Amino acid sequence: MSNLPSQTTPVYATDEDIAVRAAGDFVTLCPQWQQMAYGADGVFTGGSPWVLSSASVNFGSNGVQPNQVVQLTAPKTQYPGGGQLLAIDSVSGSSITLRRLHKDVGVGQPPAPAAGLTSVAFVVNTLDPQTEDASFDLKRRFGIDELIVERTSSWIYDLRDLRMATVLQVLSDRYIAEARGDRGDFARKINIIRSQLHDVLDRIQVRWGPYGNSSEPSTLFGCKLSR
């Protein structure tokens, strides 16, 4: 029996979605204690510049999932500055297949040379707990009941609306948590993100069915709580 707190499913965004919106702030916004994998022995073998392997980390056993994000920081000659962020496309034991954020597999510059690369430093941190919390809040706001077939995500016509709201909610919460006083740009970004979130919530309509017309849409102003 697990003591894991109750979780809502499905969630409406991924670490990859958040990284696209947060850009370089993603690394700072991910709490270090929400770490899925870490190592400095990563290897890209010759001819497989998108597949990262590790002798010390079993990504599958650690619970690393597709659409999470890996940061590559060393060797510095390959990953200068803050390194590179890539999406995880698939996981197989001690190997993960990577791709560029919101791009298909093999599209863009590979993260390693064709000849291969060793001593790659990598870290996979996640915002999954915050994404779950934001998704639950949206379900409550818009009357989405995951226990009713017609109100599950498989019947929601345009999940991108919910994805956008989830991403902005997570970023708003994390910027607030990480801001320290009025200095720096996080305090300014809080106001920007919250304004964008309010705009999205005001205009969002949750529609159901394969054509979005199976029932009346739910909006922030049209929902009501019921027992």
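The values are calculated or read from the model by the stated rules, or taken from the named source; none is laboratory data. Predicted model, so just to flag it, every value in this text is computed and none were measured. Reconstructed Cβ throughout: ideal geometry from the backbone, glycine too, with neighbour counts over all protein chains shown. Heads up: the accessible areas ignore ligands, DNA and RNA and are worked out on the full protein's heavy atoms, side chains in. Shrake-Rupley method; radii C 1.70, N 1.55, O 1.52, S 1.80 Å.
Laid out as a table, the results:
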read-out	value
Stretchable slack from ASP199 to ALA177, in nm (0.36 nm times residue separation minus alpha-carbon distance)	5.7 nm
Area accessible to solvent at THR118, 1.4 Å probe radius, in Å²	90 Å²
Where region 47-180 is the region considered: accessible area per residue in Å², 1.4 Å probe	46 Å²
FRET E, pair SER61, ALA23, Förster distance 30 Å, beta-carbon r, rounded to 0.05	0.45
Nearest-10 value in Å² for the accessible area of ASP158, using the 1.4 Å probe	60 Å²
Test item: Cα-centred dipole of the chain, Lys/Arg +1 and Asp/Glu -1 on Cβ, debye	320 debye
Stretch gain in nm, segment GLU216-VAL105, where the contour uses 0.36 nm per residue and the Cα spacing is subtracted	36.2 nm
Heavy atoms of LYS189: accessible area, 1.4 Å probe, square angstrom to 10	60 Å²
LEU147-ALA115 FRET efficiency (beta carbon distance; Förster radius 45 Å; 0.05 resolution)	0.25
Ranked order, GLU132, GLU178, GLU216, GLU16 - accessible area, probe 1.4 Å, largest first	GLU216, GLU178, GLU132, GLU16
Accessible carbon and sulfur surface of region 90-182 relative to its total accessible area, %, 1.4 Å	49 percent
Exposure ranking of TRP50, TRP208, TRP33 by accessible area [1.4 Å probe, largest first]	TRP33, TRP50, TRP208
